[in-house]
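The values are calculated or read from the model by the stated rules, or taken from the named source; none is laboratory data. Not measured: the values here are computed from a predicted model. Note that each Cβ is placed from the backbone with ideal geometry, even for glycine, and that neighbours are counted across all protein chains shown.
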Amino acid sequence: MKRVFVINGAAGTGKDTFINLTRELFAGNVNVATYSSVDEVKQWLKDNEGWDGITKDASIRFRMHEIKQMMVADNNRPTRYLLEKIAQTEDNSIVFLHIREPEEIAKLLQEYPEAQTIHIDREGIERFDNPADSRTAQFIYDYYVTNPGNDIEQFREVVRQFILQNLNDLIGEQEQMDLGDFK
């Protein structure tokens, strides 16, 4: 069974850490894939503007938003890209899709209504004010997860509890025992 989640939250809240911990806790028993609505944007910036692929300051984040809006105007390219990636991902998978803008999340959910949404938050992080980053909380999500901050072990426990409560249909008996015993 394939489970698809739109994952969102401001920059630095721990979205990728949440995904990596999910991958770690499933220990290869379930494929965990991740794609972003700006994957093609990032490639475009590398190819056309010489972006280094690493720097994500306020000006780069704003430029990503501008390029993404051009791609949205081009027949909803970001949504089509994510739908293709979902289709290409094997069935026994958890697929995480990074989408920032509420209207883009709604488009994906209209096309793939089985997807669920997760909002990650964390106190004490720098908040960017570009049109994509500033509106991550302006959507009603299925799940809200709080990253406790700099303690990775606490966050690992938050992710473990999320898996046990929401992904138990993907957990076999052995994995259930392993997750239950996980410290």
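Annotation note: Cβ proximity below 9 Å between a residue of region 119-143 that is more than 22 Å from Leu164 (Cα to Cα) and charged (D, E, K, R) and a residue that is modelled with pLDDT under 80 and assigned to a loop (DSSP other than H, G, I, E, B) (sequence gap 6+ or interchain) occurs for Asp133/Arg127. The one condition from (1) of a type in the set (A, V, I, L, M, F, W, C); (2) surrounded by fewer than 14 Cβ atoms within 10 Å (Cβ to Cβ); (3) under 17 Å from the mean Cα position of the chain (by Cα) that Ala73 does not meet is (3).
With respect to the conditions (1) of a type in the set (Gly, Ala, Ser); (2) out of contact with any strand residue (DSSP E or B) (no Cβ under 9 Å at 6 or more places or on another chain); (3) within 25 Å of Phe128 (Cα to Cα), Ala27 lacks only one, and its number is (3).
Look through Thr89, Thr34, Thr55 and report the one residue that is in contact with a helix residue (DSSP H, G or I) (Cβ under 8 Å, 6 or more places away or on another chain) and not small (Gly, Ala, Ser).
Thr34
From the list Val6, Val41, which residue is touching a residue at least 40 places away in the same chain (Cβ under 8 Å), of a type in the set (Val, Ile, Thr) and either crowded, with 19+ Cβ neighbours inside 10 Å or under 24 Å from Ile140 (Cβ atoms) (or both)?
Details: Val41 fails: touching a residue at least 40 places away in the same chain (Cβ under 8 Å).
Sole residue among the options that is touching a residue at least 40 places away in the same chain (Cβ under 8 Å), of a type in the set (Val, Ile, Thr) and either crowded, with 19+ Cβ neighbours inside 10 Å or under 24 Å from Ile140 (Cβ atoms) (or both): Val6.
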